[in-house]
1. Please identify the pairs in which a residue from the stretch 422-436 that is of a type in the set (Ser, Thr, Tyr) has its Cβ atom under 8 Å from the Cβ atom of a residue that is modelled with pLDDT of 95 or more and open to solvent by less than 70 Å² (accessible area, probe 1.4 Å), counting only partners at least 6 apart or on another chain.
2. Checking THR200 against (1) touching a residue at least 12 places away in the same chain (Cβ under 8 Å); (2) over 18 Å from ALA128 (Cα atoms); (3) β-branched (Val, Ile, Thr), only one condition comes out false. Which one?
3. Could you please find all residues in the stretch 227-242 being touching a strand residue (DSSP E or B) at 6+ places or on another chain (Cβ under 9 Å) and either under 12 Å from LEU164 (Cβ atoms) or open to solvent by 10 Å² or more (accessible area, probe 1.4 Å) (or both)?
4. Could you tell me how many of the residues in the stretch 18-30 are surrounded by fewer than 19 Cβ atoms within 10 Å (Cβ to Cβ) and free of Cβ contacts under 8 Å to residues at least 60 places away in the same chain?
5. Looking only at strands (runs of 3 or more DSSP E) that fall completely inside the stretch 8-95, which ones have 3 or more residues that are of a type in the set (Gly, Ala, Ser) and at pLDDT 95 or above?
6. Could you list, in sequence order, all residues of the stretch 172-200 that are within 25 Å of the chain's Cα centre (by Cα) and closer than 17 Å to HIS262 by Cβ?
7. How many residues, within the stretch 92-126, are under 17 Å from the mean Cα position of the chain (by Cα) and among the aliphatic types (A, V, I, L, M)?
Amino acid sequence: MAGLLLKGGRVVDPASGFDGTADVLITDGIIAAIGRVTAPPPGVRIIDAGGCVVAPGLIDVHVHFREPDPSHEETIRAGSAAAVNGGFTTVCCMPNTQPPLDAPPLIEQVRESGRAAGGARVLTAGCATVGRRGTRPAAIADLAAAGAVAFTDDGDCVADPGVLEQVLEMVRATGRCFMQHCQEPSLTSGAAMNAGELATRLGLPGWPAGAEEIVIERDVELSRVTGARYHAQHLSSGGSVAIVRRARGEGLPVTAEVSPHHLLLTETLCDGYNTLAKVNPPLRTDHDIARLKEGVADGTITILATDHAPHPAHRKEVEFEAAAFGIVGLDCALPLYMKALVEDGVIDLRAMLGMMTCHPATLLGVEHMGIGSLAVGGPGDVTIIDPRLEWTIRAGEFASTGRNCPFEGWTVRGRAIATIVAGEVKLLREPSRVTA
């Protein structure tokens, strides 16, 4: 493999705290040097990173690539390409597929398909319960041995506390984490959007914030009892932030994530029965957005995750109540996070990148492999970001097959101009920066 020299960029490694102008030399897929490289080896390909940020490869702990599932157009290959297009070098697939990923051969199938796709590194979570039915734990030890990096029934909550306690005990024994889809089903049957005056006016069944909050409150206590690592997915409610904050303040192994749409959009986007705004959990209010941002600012929420959920057009072009939940996220998440958090003064760029690199790596237990950081001897997974680049989001230009994007037409700033996985350049938007 030819060497690669990333020249003169602002190298930001949240894991070590390094933030300064430097060169990064990658040879044989491994970072060989970080600093001033005055005499690169012969034949090295040079990318001028001047004016750009050179960061560890971005990680998304929560994506839906749909395989195996013949009813969806998205594939692991398309999803992996979308990840690369957005600057992500590692992703973790959710197991709510058909069939669900509750058996070792299925875990191995996803991992092999990810390798064959040749884009981002594709990891996968395994089901927490058999068939994601919530009635009895899956063979968690066997799934972990097959390569599952986390466990969840995402798309559905593990609602039975007795079953969840068993799951948490088994997950703790593997050293992995449990990710909860925080939705009390008895409070959300048929629900389509945030409960409130707008839902009432539109005649749509409301989804109360309490349906999220009571699950997290209960689960925190089960995490306390079992000692298992517990991760709350896609927070949408300000009340949820307060619960997670208390748990972390007590030193419990509890973490949480937030997605771009819950930081930027409110329930008002559902007005007019706009199905692109139908997500799970639902868009809520300006008050909730403010509390979510406070949670990011004070370290309560440590991970940014897209919940990338592509759907064929016909799944959205129906009545609101019948439409599928979800939006695509990977292709455009980076500038949306920058808009919501950096441009709004919530946190600085280095802190935001930590929420997209070293913190996700720790959650998935891959930090020991060097993923999520820039260090000599570690894997050459790098994202080069031009923080000044202004562009317009056009879903038709996504690498994902999904076009269900409520951010269509938004003008944003900041984009990955290069995505490098194990020293291989998977994306390069500015060939003029390259010299032999």
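The values are calculated or read from the model by the stated rules, or taken from the named source; none is laboratory data. Worth saying up front: this structure is predicted, and the values here are computed from it rather than measured. Cβ placement follows ideal geometry from the backbone for every residue including glycine, while neighbour counts extend to all protein chains displayed. Calculation scope for accessible area: heavy atoms of the full protein, side chains included, ligands and nucleic acids excluded. Shrake-Rupley method; radii C 1.70, N 1.55, O 1.52, S 1.80 Å.
1. Hits for this filter: THR435/ILE46.
2. (1)
3. The answer is ALA228, ARG229, TYR230.
4. Number of matching residues: 2.
5. It comes to 30-35.
6. Selection gives MET179, GLN180, HIS181, CYS182, GLN183, THR188, ALA191, ALA192, MET193, ASN194.
7. 5
Each row is one residue, and each column tells you yes or no for (1) among the hydroxyl-bearing types (Ser, Thr, Tyr); (2) on the phi < 0 side of the Ramachandran plot; (3) buried (at least 22 other Cβ atoms within 10 Å of the Cβ); (4) more than 13 Å from the chain's Cα centre (by Cα).
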{"residue": "ASP344", "(1), (2), (3), (4)": "no, yes, no, yes"}
{"residue": "LEU353", "(1), (2), (3), (4)": "no, yes, yes, no"}
{"residue": "MET369", "(1), (2), (3), (4)": "no, yes, no, yes"}
{"residue": "ASP381", "(1), (2), (3), (4)": "no, yes, yes, yes"}
